[in-house]
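Heads up, the thing below is written out as structure tokens.
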């Protein structure tokens, strides 16, 4: 028990330290005492990391924070329905690449620039320049900041370090090497298990966010210079085909129904030699309670295609509802500022949430405890070379993702990809006009 | 002698006025709360849905704009509507038939005295009583071809595994399997209640005339039980034609659109793509299908009762 006591003591001291640090700055943190604010949150590792600390913020400011957390699909629906009803939501998590166009047009996003510039509302040491420029730019509309980055996500090729060493296979650096490695491991008996080469998302719309890295690396794109669908260009078709063939020939059975949870489960069961998915899932792979491959995983950037390595960078942000009242909006800003301060972002990174702040990655504390430096290097490299536009540049993102997802399913099933892509491109053009 | 204050007299007259009003119009007053409730939660939403079906409206972007029958014209150009109809007919046809046949057979089996029949029946009812989303989530894991328990069991006794929900060819039968597992007990319950209420005389007469079991079933039980069977089918079809929980939880309409019923597609359009106008038009079509099916069934039930 004494150990627990010491932790409690340290925790209490840290709280006191933070409160006094805050008091020392330019912001009066008590200025909205008694205000009640409501945040809708996605069930995300960042939320898990910040949730237990909310009481600290409440004590420091006297603001009552009601955080409601939902799994992603329900979260998106609930957020939209509540905002449309003009309800009592003051702040929410948002993936700008998915929803910002729609939400901005609907007036659901409050520009934050005035708050950031106001020394009575923002501490100097919160340091807006410390955030990665790409995701911050992604969280802006018409030159206005509409969200504060809470994480940066890129997809990595994760592979079984132990098996690649044991069988002396080269870690893939090109798409061709990726296919060769996948082929090598497919059907191989390892420790009594029959392996598959690679596992990927294949479930229609859900797969587009990973497939897009192949699209870009093969030189394809969502739209061409005239703003028309480019899904049926030879490069885009090549990306559909490569992705579909890879999953059909060297992936698990039933590829067309693999969402990230199925795909990561197969990898964590030790049944796949490689997986390509978001870097945030490191916290799943490396959790020895859930994963049979913890400690055996290596990480690298996407292999190079004909157009080189072009991963996407996406991120979640915290935003303030445009429909809330000015006072609650400002109280919500204090909350966002606190949740994204250097200490909290570093804590989240320690818990495996890839941070959107340079200072967190550079902190000596993180560097000395980093058990997966290749993950850190791969993530940072991907942020550097990554493309922030990962969704189709259209108003109705979910609909175009759905149409694109049907081509991915056809590609996995080995159907005529060119015909399917042509049909999808026509649909996409039609929907964009509407 | 004390005089009654004028206030009290006035209140009394008001009260007696109300009570005489209620007495005179009982037929209006007593059902009023239920009628108002129904109006608020059934008529208004259906009316609003009907209105939206003639508008173009992306949720959050402006207000609904009247566009006449454009949404209904779009229905004929959209191949996912035809696909949705096909999947709906395949899924509902197969599952309703199986549930009705199995439900009847099991009810016949339960309709006799045997030791422990109450316990067996209680266990048998379980799937019907369980929460749809919870059991669907469990089925989703069990049906996974790589890590699911069904393929593990099949392969461990030397049979080949199936792709279950992960292949366009087997996804609908796999979903039907879950639906049948869950809902056959409901049909059984209704039919069993019907069987218990049948008169004994025709059976005695038939036995005296030397009819065998099959003949008794075919010429006596089946005609007598028909109205109950049709009623059970109606009740079940109401839910089944717009089956949502099981399909959405297990496949979300996948792989591709292989298990996307019209109802599921209308949900996706309205709440996934935020196109409330077109989604409402799709919803109207589903509504009409369920309505027509039930009017036909009701006719059949009434004529069956006339026999």
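No value in this document is a laboratory result; all are computed from the given coordinates. Bear in mind that the values here come from a model prediction, so they are computed numbers and not experimental data. Positions of Cβ are generated from backbone atoms using ideal geometry, with glycine treated the same way; all protein chains shown enter the neighbour counts.
Distances longer than 23 Å among the Cα atoms of region B:72-157: what percent of all pairs is that? Of all Cα-Cα pairs in region B:72-157, 56 percent lie more than 23 Å apart.
Taking the highest mean first, how do the peptides A:91-104, A:284-297 order by number of other beta carbon atoms within 10 angstrom per residue? Walk me through the numbers on the way to the answer.
Details: A:91-104: 22.7, A:284-297: 15.9.
Taking the mean over residues of other Cβ atoms within 10 Å, the ranking is A:91-104, A:284-297.
Within the listed set B:35, B:149, B:180, the Gaussian network model of chain B (springs between alpha-carbon atoms below 10 Å) gives the highest mean-square fluctuation for B:35. Does region A:224-309 classify as rounded, prolate or oblate by the C-alpha gyration tensor (a ≥ b ≥ c root eigenvalues; a/c under 1.5 gives rounded; else a/b over b/c gives prolate, otherwise oblate)? Since a/c reaches 1.5 and a/b is larger than b/c, the shape of region A:224-309 is classed as prolate.
The gain in end-to-end length when the residue B:9 to residue B:124 segment is fully stretched comes to 35.0 nm, 0.36 nm per residue minus the alpha carbon separation. The shape of region B:71-306 can be summarised by an equivalent ellipsoid whose semi-axes, obtained from the alpha carbon gyration tensor, come to 36, 25, 14 Å from longest to shortest. Projecting label points 7 angstrom from Cα along Cα→Cβ for residue A:362 and residue B:205 puts them 9.8 nm apart. Rg and Dmax over the alpha-carbon atoms of the protein assembly as shown stand at 31.1, 115 Å. Under 15 Å from the 7 Å Cα→Cβ point of residue A:374, by amide nitrogen: which residues of region A:253-277? It comes to A:273-277, nothing else. Region A:337-397 and region B:213-235 have Cα centres spaced 67 Å apart. Look at the stretch A:426-432: the mean tally of other chain Cβ atoms within 10 Å of its residues' Cβ atoms is 1. Each residue, residue B:157 and residue B:40, gets one label point 7 Å from its Cα in the Cβ direction; the gap between the two is 5.5 nm. Is region B:113-190 best put as rounded, prolate or oblate by its Cα gyration tensor, with a ≥ b ≥ c the root eigenvalues, rounded for a/c under 1.5, and otherwise prolate when a/b is larger than b/c, oblate when not? Prolate shape, in that a/c is at least 1.5 and a/b is the bigger ratio. The distance between label points at residue A:381 and residue A:429 comes to 3.9 nm (points 7 Å beyond Cα on the Cα→Cβ vector). Contact order, relative form, for region B:71-306: 30 percent (alpha carbon pairs under 8 Å, 6 or more residues apart, mean separation divided by residue count).
Sequence gap at least 6, Cα distance under 8 Å: using those rules, report the relative contact order of region B:47-88 to the nearest whole percent.
Values: 24 pairs, mean separation 11.4, N = 42.
Reported relative contact order: 27 percent.
For peptide B:247-260, the mean count of partner chain Cβ atoms within 10 Å of a residue's Cβ comes to 4.
Enter the Cα centre distance for the pair region A:41-66 and region B:236-278, rounded to the nearest angstrom. For region A:41-66 versus region B:236-278, the Cα centre distance is 36 Å.
Among the residues of B:74-81, the average count of other protein chain beta-carbon atoms within 10 Å of the residue beta-carbon is 1. For chain A, take the longest principal axis of its alpha carbons; what is the angle in degrees between that and the long axis of helix A:175-185, to the nearest 10 within 0 to 90? Once rounded, one gets 80 degrees.
Comparing B:185, B:33, B:255 in a Gaussian network model of chain B, where Cα atoms under 10 Å apart are tied by springs, the biggest mean-square fluctuation is seen for B:33. First check a/c for chain A, with a ≥ b ≥ c the square roots of the eigenvalues of its C-alpha gyration tensor; if it is under 1.5, answer rounded, and if not, answer prolate when a/b is larger than b/c or oblate otherwise. Oblate, because a/c is 1.5 or more while a/b does not exceed b/c.
Between helix A:326-339 and chain A there is an angle of about 60 degrees, using the helix long axis and the longest principal axis of the Cα atoms. From the alpha carbon centroid of region A:200-275 to that of region B:23-87 is 39 Å. Which of these, B:205, B:130, B:107, has the largest mean-square fluctuation under a Gaussian network model of chain B (Cα springs below 10 Å)? Of the options given, B:205 has the highest mean-square fluctuation. Counting only alpha carbon atoms, the long axis of helix A:96-106 and the longest principal axis of chain A meet at about 60°. With contacts taken as Cα pairs under 8 Å and at least 6 residues apart, chain A reaches a relative contact order of 24 percent.
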